[in-house]
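Student: Next up is a structure, given as structure tokens.
The values are calculated or read from the model by the stated rules, or taken from the named source; none is laboratory data. Remember, predicted model here, so these are calculated numbers, not experimental data. Here Cβ is always computed from backbone atoms with ideal geometry, including for glycine, and neighbour counts include all displayed protein chains.
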Amino acid sequence: MTEAPAAVRDLVAVRDLKDLPKAHLHIHHEAAIRPETLAEMGAAEGVDVSVPDHFDDFSDFSQTYRGMLQVLSIKENLFRLIEESIEDCARDGVAYAEFGASPHFYVDTFGSTELALDAMIEKAREYGAKWGVEVGYMITADRVESPDEAVTYAKTVAPYAGRGVVSFGLANDERGHPAAQFEEAFRIAKEAGLLATPHAGELAGPDEILSALDVLGADRILHGATAVQSDELVARLAQDGTCLDLCPTSNLLLGVVPTLEAHPLKTLLDAGVRCSINADDPVLFGPGILEEYQLCRDVLGLSDEELAACALSSIECSGASEVVKQKAVAGIAAWLA
């Protein structure tokens, strides 16, 4: 039998990454807005929402992010963001999205943090049902604010465990704001049944990841790229099955890695660490989750088996319902088969 040309064999072998069921676990909801939608909203309100083409420092990124809140504080704009971000997840083959959210941003709009969260959960359920994507919210405390504020925040959102909120996060610049200061807030969240999902190991080294694990009881680590600096930590992560929610393009643009090729995702996978692939802030950094998977295939050289392993970790380590998990796990196996 004549063997097919190599080009034909390669074409047949390529699986469509859109068809790979996946969870999006590290995505800040405001930054999931479509660029054209943000521009339209800014023009309507006379607000400059231009996004720079590069960030000199994390503080530049943070300032840009907060500027977007001016237009999203309008109720109709926020609801549009929720629907369009869920629709985009469906387009990219996302079965479950765990949006990082800060309902206290919208107190002036709705009257209280609770009323803002009620509205966000209601719309997420409505649009999730419409587009076939389950949504759980990760309520995110700000590490540059007082730990006492984080405690108050945790007490406010704890009653929402199992009612639309699945996890409690910690974001913003690690430098000078150690995770250990937020032990009490995370204790409250975990006792309520929420997953502990702090950022760690992005702008700081392995010690912050260790604090997130040992002090905050982290179930997952958002970022965690600097774990590769410690063989001992990598071995522990692999043994414990702790998932790192990695964001390659974000890490590149914020200077965590010098080049995309230098990203440690494949090294971590080779060491047995569970990893998920995520977009972090698409409107600021460019790629959505599907593009991130494609980059991991094309630039980092991840095989389909490795990409499927990342998708499986994203599903199994998420706050998704068991029904969604079982269906997605079966879909991942079918994609590989």
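Student: Kindly indicate whether any position in the stretch 115-126 is surrounded by fewer than 20 Cβ atoms within 10 Å (Cβ to Cβ) and farther than 23 Å from Cys89 by Cβ.
Tutor: yes
Student: Another question, then. Step by step: first the residues of the stretch 266-285, then only those that are in a helix (DSSP H, G or I) and touching a helix residue (DSSP H, G or I) at 6+ places or on another chain (Cβ under 7 Å), then the one that is nearest to Ile33 (Cα to Cα). Which residue is that?
Tutor: Among those that are in a helix (DSSP H, G or I) and touching a helix residue (DSSP H, G or I) at 6+ places or on another chain (Cβ under 7 Å), it is Val283.
Student: Looking at this structure, is Ala32 at pLDDT 95 or above, surrounded by fewer than 18 Cβ atoms within 10 Å (Cβ to Cβ) and of a type in the set (A, V, I, L, M)? Write out each step before concluding.
Tutor: Details: at pLDDT 95 or above: yes; surrounded by fewer than 18 Cβ atoms within 10 Å (Cβ to Cβ): no; of a type in the set (A, V, I, L, M): yes.
When the stated conditions are applied, Ala32 does not pass them.
Student: Across the stretch 206-228, what is the total count of residues that are assigned to a loop (DSSP other than H, G, I, E, B) and either among the polar types (S, T, N, Q) or farther than 20 Å from Asn278 by Cβ (or both)?
Tutor: Step one: filter the stretch 206-228 for residues assigned to a loop (DSSP other than H, G, I, E, B), giving 215-219, 224.
So of that shortlist, the ones also either among the polar types (S, T, N, Q) or farther than 20 Å from Asn278 by Cβ (or both) come out as 215, 217.
Residues flagged as assigned to a loop (DSSP other than H, G, I, E, B) and either among the polar types (S, T, N, Q) or farther than 20 Å from Asn278 by Cβ (or both) within the stretch 206-228 amount to 2.
Student: Ser112 fails exactly one of the following numbered conditions: (1) surrounded by fewer than 19 Cβ atoms within 10 Å (Cβ to Cβ); (2) touching a helix residue (DSSP H, G or I) at 6+ places or on another chain (Cβ under 6 Å); (3) not acidic (Asp, Glu). What is the number of that condition?
Tutor: Failed condition: (2).
Student: Please determine, by comparing only the residues of the stretch 51-100 that are small (Gly, Ala, Ser) and more than 28 Å from Ala320 (Cβ to Cβ), which one is modelled with the highest pLDDT. Give the derivation first.
Tutor: Kept after step one, since they are small (Gly, Ala, Ser), are these residues of the stretch 51-100: 59, 62, 67, 73, 85, 90, 93, 95, 97, 100.
Then keep just the ones that are more than 28 Å from Ala320 (Cβ to Cβ); that gives 59, 62, 67, 73.
On the way: Ser59: 61, Ser62: 63, Gly67: 70, Ser73: 91.
It comes out as Ser73.
Student: Moving on. Scan the stretch 136-157 for residues that are closer than 15 Å to Asp118 by Cβ and not in a strand (DSSP E or B) and jot them down.
Tutor: Passing the criteria: Thr156, Val157.
Student: To continue, here is another question. For the stretch 166-176, check the following and say yes or no: at least one residue is within 24 Å of Leu237 (Cβ to Cβ), surrounded by fewer than 22 Cβ atoms within 10 Å (Cβ to Cβ) and among the basic types (Lys, Arg).
Tutor: Looking for residues that are within 24 Å of Leu237 (Cβ to Cβ), surrounded by fewer than 22 Cβ atoms within 10 Å (Cβ to Cβ) and among the basic types (Lys, Arg), one finds at least one in the stretch 166-176, hence yes.
Student: Next question. Of the residues Ala179, Ala225, only one is touching an Asp or Glu at 6+ places or on another chain (Cβ under 8 Å) and under 25 Å from Ile315 (Cβ atoms); which?
Tutor: Working: Ala179 fails: under 25 Å from Ile315 (Cβ atoms).
After ruling out the rest, the residue left standing is Ala225.
Student: If a residue has to be part of a helix (DSSP H, G or I), out of contact with any helix residue (DSSP H, G or I) (no Cβ under 8 Å at 6 or more places or on another chain) and crowded, with 19+ Cβ neighbours inside 10 Å to count, how many in the stretch 286-323 make the cut?
Tutor: 2
Student: Among the numbered conditions (1) outside any strand (DSSP E or B); (2) at pLDDT 95 or above, tell me where Ser167 comes up short.
Tutor: Here Ser167 meets the rest and fails (1).
Student: Just to be sure, is Ile74 under 16 Å from the mean Cα position of the chain (by Cα) and either closer than 19 Å to Ile315 by Cβ or touching a residue at least 24 places away in the same chain (Cβ under 8 Å) (or both)? Outline the logic, then answer.
Tutor: Working: under 16 Å from the mean Cα position of the chain (by Cα): no; either closer than 19 Å to Ile315 by Cβ or touching a residue at least 24 places away in the same chain (Cβ under 8 Å) (or both): yes.
No.
Student: Identify, from the list Val228, Val135, Val234, the residue that is in contact (Cβ under 8 Å) with a residue 40 or more places away in the chain, hydrophobic (A, V, I, L, M, F, W, C) and more than 27 Å from Gly93 (Cβ to Cβ). Steps first, answer last, please.
Tutor: Values: Val135 fails: more than 27 Å from Gly93 (Cβ to Cβ); Val234 fails: in contact (Cβ under 8 Å) with a residue 40 or more places away in the chain.
Among Val228, Val135, Val234, only Val228 is in contact (Cβ under 8 Å) with a residue 40 or more places away in the chain, hydrophobic (A, V, I, L, M, F, W, C) and more than 27 Å from Gly93 (Cβ to Cβ).
Student: Within the stretch 104-127, which residues are at pLDDT 95 or above and either hydrophobic (A, V, I, L, M, F, W, C) or under 21 Å from Arg220 (Cβ atoms) (or both)?
Tutor: Within the stretch 104-127, Val107, Phe110, Leu115, Ala116, Leu117, Ala119, Met120, Ile121, Ala124 meet the criteria.
Student: Further, regarding this structure: Please identify the pairs in which a residue from the stretch 326-337 that is hydrophobic (A, V, I, L, M, F, W, C) has its Cβ atom under 7 Å from the Cβ atom of a residue that is surrounded by 17 or more Cβ atoms within 10 Å (Cβ to Cβ) and in a helix (DSSP H, G or I), counting only partners at least 6 apart or on another chain.
Tutor: Listed by first residue and then by second, the contacts come to Ala328/Ile315; Val329/Leu312; Val329/Ile315; Ile332/Ala308; Ile332/Ala311; Ile332/Leu312; Trp335/Ala308; Leu336/Ala308.
Student: Something else: Tally up the residues in the stretch 186-205 that are surrounded by fewer than 24 Cβ atoms within 10 Å (Cβ to Cβ) and part of a helix (DSSP H, G or I), please.
Tutor: Selection size over the stretch 186-205: 4.
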